[in-house]
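Let me begin by presenting the structure, written as structure tokens, before commenting on it.
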Amino acid sequence: MNTKSIMIVGVGGQGSLLASRILGNVLLAQNYDVKVSEVHGMSQRGGSVVTYVKYGDEVCSPVIEKGEADVIISFEQLEAARWLPYLKKGGHLVVSEQKMDPMPVITGAAKYPEDILGKLSSLGADVTSVDALGLAEEAGSPKASNVVLMGVVSTKMELSEDAWQKALEECVPPKFLELNKKAFALGRQAAAN
Amino acid sequence: MKKLMLGNEAFARGLYEAGVTVCSSYPGTPSTEITEAAAKYNEIYCEWAPNEKVALEVAAGASIAGARSFCAMKHVGLNVAADPLYTFSYTGVNGGAVIGVADDPGMHSSQNEQDSRHHAIASKVPMVEPADSSEAKEFTKLAYELSEKFDTPFIVRMTTRISHSQSVVELCDREERPLKEYVKDAAKYVTLPAHARKLHVKVEERTEALREYAENCPLNRVEYNDKKIGIITSGTPYQYSKEVFGKNASYLKLGMVNPLPVKLIKDFAAECETVYVIEELDDIIESHCKKIGVSVKGKEIFGFTGELSQAIIAEKLLGEKKEFSEFSENVPVRPPVMCAGCPHRGVFYVLNKLKCVVSGDIGCYTLGASAPLSAMDTTICMGASVSGLHGMNKARGAEFEKKAVAVIGDSTFIHSGITGLVNIAYNATNSTVIILDNSITGMTGHQQNPTTGYNIKGDPAAKIDLEALCRSCGINRVRVVDPYKMSEVEAAVKEELAAEEPSVIISRRPCALLKYVKHKPALKVDSAKCVGCKMCLKIGCPAISIHDGKCVIDHTQCVGCGICKEMCKPGAICD
């Protein structure tokens, strides 16, 4: 099969590394060649961060370029707008409704755009938006919004739910497994509605 | 067994499988996880050294003593370790020795974009470069064999995209390596001029032998497909090239980047119509090709700066561009910021308020340069804040001394700030140095260091007494402040700047992200009292924003540090 490309974007500290590890493990278990490219270091400190996940028969480049992503998962609305150019025509955009003001907005040097989700849809993107933070809090911790989004994405990919559950068990510490399973289920449910 | 591993984790697995027993490193993005992953294997002794020079000397000592040894660092760390590197090249090894160096094309987390291949060439140390996690493991293992066979340390060059990309790795078992016999051999290990002259001859012979090896070795690989285009490449650029051309080009993939082969390149070029060299940063392979009379195109197309990608290669060589949509309006940038509750914040607010000249350094606190704190004037390299301040003060004199400070983190101070402080005391400027002691090496993701009282395994270790250390350097005025109390910080900075002798202020509070740090509940805003003065925004806290003219605190980020409360004159921010 041709290589498929998924991007996970958000704000440093939101938990995109765990999300990409879950995704990577699900795909490896299906015997795909997989590459997952992460961001460590300075940009993790509250900056805009991106993780690339690619899979197929043979993956060469670990990075995704503009117009190449089949799916973009965004942890925050402004980040969805920022990374939109990376979405392939007809690609899926899964967006958490959370908004976080970047420093130029906080200091008044820039404005946070209005109605980002509406504008993304009008640009032709196939947008699924969920209140990932609210659902994560319902599951027991705001930190689980990454796993809520994985639940949403799982409905967009042709992989069994069982495979996802296994990857969750591998990637999440036992202490937080129940909480994350609940977050994942809430994400799947939200996508179905 | 197949596993998805970061390049750095696979590198560490290679150390494990190669029977390495001693590892000493200093953290630095993107190299840090090599040593962190190695420390999880109980068979490998691992440590965080105070700096890269010490780390490489430890690895050299362990190798001479008969062990397979290792040290890791980022590209600029190799500058610090260059002194031992260039002479370790002469002595050669006993047990195999490998140095892991991670370059950062695109400067994701670095202050420059230097190309470590220059150090390999200049020090005459052979260098290999993997192109994915699997190669990171296999090349490392081979590097140990070659290190012992050719009697030389080896460098394994990583780049950010290899270090921080996970790909599939097949795990093997460890091969235990008993210590090699240690035999006193002054002619080999004592580099007196008389010995070193002979050793240099051996180094030149070794390089020729390695070049011969490079002509036909498993590290370098020719893939013939369509021969209209031939691509000579290594590392990630190989992956980018393959993604663009697939079977429509032929490849000479170089795994050994120093020394480079001659015949192999000439033969490949003779088979292909047009030959491109696709390499990131400097024109190392391209210059070599031109030197041996092979006509290639490279930097005239791709330039010297930043990372390459499949998109750049497709556009430059094929004129192809992917279609995409842009968002319909301006998207504000989101630069990295100090975290909510960061103990550095209050110090930088005070330094900005007092209009100090701030001689800065390398760490999370370099973010103090960004608006709205904007309290940093210089950042050069690890330790340069302290020595640079002394130079500024010597140049501009007494008036300048009364408004200039140096800021340096605990780990960076140990790395290379101490010698600068010794110089301040010894050569006498009334310099004011602020040590931002957050009890951890922060930026690289929380590594222990000699000021924390714990070692890499988290076990208790000797702890440096910073106050006593500064006094013993010859600084009489040493005081400790709590950066969560800005008025206390301000008073201390004013007093020490006014003092007629050098001083050190230790701003002490652990990083807010450390697991053991207990957070207070998030602060709240009494909207009735908030007058919308925006004073709370001046500290640049990511948890605070203004909505409908009133301050709002994001309860998922706020850790209750209370700095904003000190800013809020109407008393709207409360517990």
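The values are calculated or read from the model by the stated rules, or taken from the named source; none is laboratory data. Remember, predicted model here, so these are calculated numbers, not experimental data. So basically every Cβ, Gly included, is an ideal-geometry build from the backbone, and we count neighbours across all protein chains shown. Heavy atoms of the whole protein, side chains included, go into the accessibility calculation; ligands, DNA and RNA do not. Shrake-Rupley method; radii C 1.70, N 1.55, O 1.52, S 1.80 Å.
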Pick out the one residue from A:Pro104, A:Pro142, A:Pro113 that is within 7 Å of another protein chain (Cβ to nearest Cβ), touching a residue at least 12 places away in the same chain (Cβ under 8 Å) and out of contact with any strand residue (DSSP E or B) (no Cβ under 8 Å at 6 or more places or on another chain). A:Pro113
Taking the stretch B:370-397 as the search range and keeping residues that are within 12 Å of chain A (Cβ to nearest Cβ) and of a type in the set (A, V, I, L, M, F, W, C), which one is least open to solvent (accessible area, probe 1.4 Å)? B:Leu373
Given (1) touching a residue at least 24 places away in the same chain (Cβ under 8 Å); (2) within 32 Å of the chain's Cα centre (by Cα); (3) in the same structural domain as B:Phe88 (by TED's automatic domain parsing), B:Tyr182 misses just (2)
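This table checks each residue for (1) more than 14 Å from chain A (Cβ to nearest Cβ); (2) buried (at least 18 other Cβ atoms within 10 Å of the Cβ); (3) over 26 Å from B:Asn216 (Cβ atoms).
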{"residue": "B:Phe88", "(1), (2), (3)": "yes, yes, yes"}
{"residue": "B:Ala102", "(1), (2), (3)": "no, yes, yes"}
{"residue": "B:Arg117", "(1), (2), (3)": "yes, yes, no"}
{"residue": "B:Lys149", "(1), (2), (3)": "yes, no, no"}
{"residue": "B:Ser165", "(1), (2), (3)": "no, yes, yes"}
{"residue": "B:Glu175", "(1), (2), (3)": "yes, no, no"}
Residue count for the stretch B:341-365, restricted to those that are out of contact with any Gly (no Cβ under 8 Å at 6 or more places or on another chain) and polar (S, T, N, Q): 1
Test each condition in (1) in contact with a strand residue (DSSP E or B) (Cβ under 6 Å, 6 or more places away or on another chain); (2) β-branched (Val, Ile, Thr); (3) more than 14 Å from chain A (Cβ to nearest Cβ) for B:Val262 and report the one that comes out false. (1)
Sole residue being crowded, with 21+ Cβ neighbours inside 10 Å, farther than 30 Å from B:Ser370 by Cα and at the interface with chain B (Cβ under 10 Å from one of its Cβ atoms), chosen from A:Gly24, A:Gly67: A:Gly24
Taking A:Ser16 as meeting all but one of (1) crowded, with 22+ Cβ neighbours inside 10 Å; (2) facing chain B (nearest Cβ under 10 Å); (3) farther than 23 Å from A:Gly90 by Cβ, write down the number of the exception. (2)
Which of the residues spanning the stretch B:234-256 are under 20 Å from B:His164 (Cα atoms) and either crowded, with 24+ Cβ neighbours inside 10 Å or within 12 Å of chain A (Cβ to nearest Cβ) (or both)? B:Ser234, B:Gly235, B:Thr236, B:Pro237, B:Tyr238, B:Gln239, B:Tyr240, B:Ser241, B:Lys242, B:Glu243
Single condition A:Pro85 does not satisfy, out of (1) more than 13 Å from chain B (Cβ to nearest Cβ); (2) under 18 Å from the mean Cα position of the chain (by Cα): (1)
Which members of the stretch B:443-473 meet the condition of being more than 14 Å from every other protein chain (Cβ to nearest Cβ), closer than 19 Å to B:Leu513 by Cα and not in a loop (DSSP other than H, G, I, E, B)? B:Tyr454
Sort through B:Lys565, B:Lys515 and tell me the only one that's touching a residue at least 24 places away in the same chain (Cβ under 8 Å) and not β-branched (Val, Ile, Thr). B:Lys565
Yes or no: the stretch A:44-56 includes at least one residue that is more than 10 Å from chain B (Cβ to nearest Cβ), open to solvent by less than 10 Å² (accessible area, probe 1.4 Å) and not aliphatic (A, V, I, L, M). yes
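For (1) small (Gly, Ala, Ser); (2) at pLDDT below 95; (3) within 25 Å of B:Ser472 (Cα to Cα), each residue gets a yes or a no:
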{"position": "B:Ser487", "(1), (2), (3)": "yes, no, no"}
{"position": "B:Ile505", "(1), (2), (3)": "no, no, yes"}
{"position": "B:Pro510", "(1), (2), (3)": "no, no, yes"}
{"position": "B:Val525", "(1), (2), (3)": "no, no, no"}
{"position": "B:Val531", "(1), (2), (3)": "no, no, no"}
{"position": "B:Cys536", "(1), (2), (3)": "no, no, no"}
Can you run down the residue pairs with Cβ atoms below 7 Å, 6 or more apart or on separate chains, where the first is in the stretch A:4-33 and in a loop (DSSP other than H, G, I, E, B) and the partner is hydroxyl-bearing (Ser, Thr, Tyr)? A:Gly12/A:Ser43; A:Tyr32/A:Tyr55
Of all residues in the stretch B:527-562, which are in contact (Cβ under 8 Å) with a residue 40 or more places away in the chain, open to solvent by less than 60 Å² (accessible area, probe 1.4 Å) and either more than 10 Å from chain A (Cβ to nearest Cβ) or over 27 Å from A:Glu137 (Cα atoms) (or both)? B:Cys530, B:Leu537, B:Ile539, B:Cys558, B:Val559, B:Gly560, B:Cys561, B:Gly562
Within the stretch B:291-319, of all residues that are more than 23 Å from B:Pro261 (Cα to Cα) and β-branched (Val, Ile, Thr), the one least open to solvent (accessible area, probe 1.4 Å) is B:Ile313
So in the stretch B:30-58, with the set limited to residues that are within 20 Å of B:Thr451 (Cβ to Cβ) and open to solvent by less than 20 Å² (accessible area, probe 1.4 Å), which one is nearest to the other protein chains (Cβ to nearest Cβ)? B:Thr32
With the checklist (1) more than 24 Å from B:Pro542 (Cβ to Cβ); (2) crowded, with 18+ Cβ neighbours inside 10 Å in hand, flag the one item A:Gln98 doesn't pass. (1)
Just the residues that are within 12 Å of A:Val95 (Cβ to Cβ) and aliphatic (A, V, I, L, M), please, taken from the stretch A:111-132. A:Ile116, A:Leu117, A:Leu120, A:Ala125, A:Val127, A:Val130, A:Ala132
Mind telling me which of the residues B:Gly417, B:Gly409, B:Gly445, B:Gly474 ends up being within 26 Å of the chain's Cα centre (by Cα), open to solvent by 10 Å² or more (accessible area, probe 1.4 Å) and assigned by TED's automatic domain parsing to the domain that holds B:Glu500? B:Gly445
If you check B:Lys321, B:Lys316, B:Lys355, which single one turns out to be assigned to a helix (DSSP H, G or I), basic (Lys, Arg) and either more than 24 Å from the chain's Cα centre (by Cα) or under 24 Å from B:Gly442 (Cβ atoms) (or both)? B:Lys316
Looking at B:Cys568, is it open to solvent by less than 20 Å² (accessible area, probe 1.4 Å) and within 27 Å of B:Leu513 (Cα to Cα)? no
May I ask you to verify whether A:Leu159 is modelled with pLDDT of 95 or more and of a type in the set (A, V, I, L, M)? no
Would you confirm, using the coordinates I've provided, whether B:Ser507 is away from chain A (no Cβ under 13 Å), surrounded by 17 or more Cβ atoms within 10 Å (Cβ to Cβ) and touching an Asp or Glu at 6+ places or on another chain (Cβ under 7 Å)? yes
Residues that are under 23 Å from A:Gly13 (Cα atoms) and modelled with pLDDT of 95 or more: list the helices (runs of 4 or more DSSP H) wholly contained in the stretch A:60-153 that include at least 2 such residues. A:77-83, A:116-122, A:132-139
Please find, among B:Pro332, B:Pro336, B:Pro343, the residue that is farther than 19 Å from A:Ile64 by Cβ, modelled with pLDDT under 95 and either surrounded by 17 or more Cβ atoms within 10 Å (Cβ to Cβ) or in the same structural domain as B:Phe245 (by TED's automatic domain parsing) (or both). B:Pro336
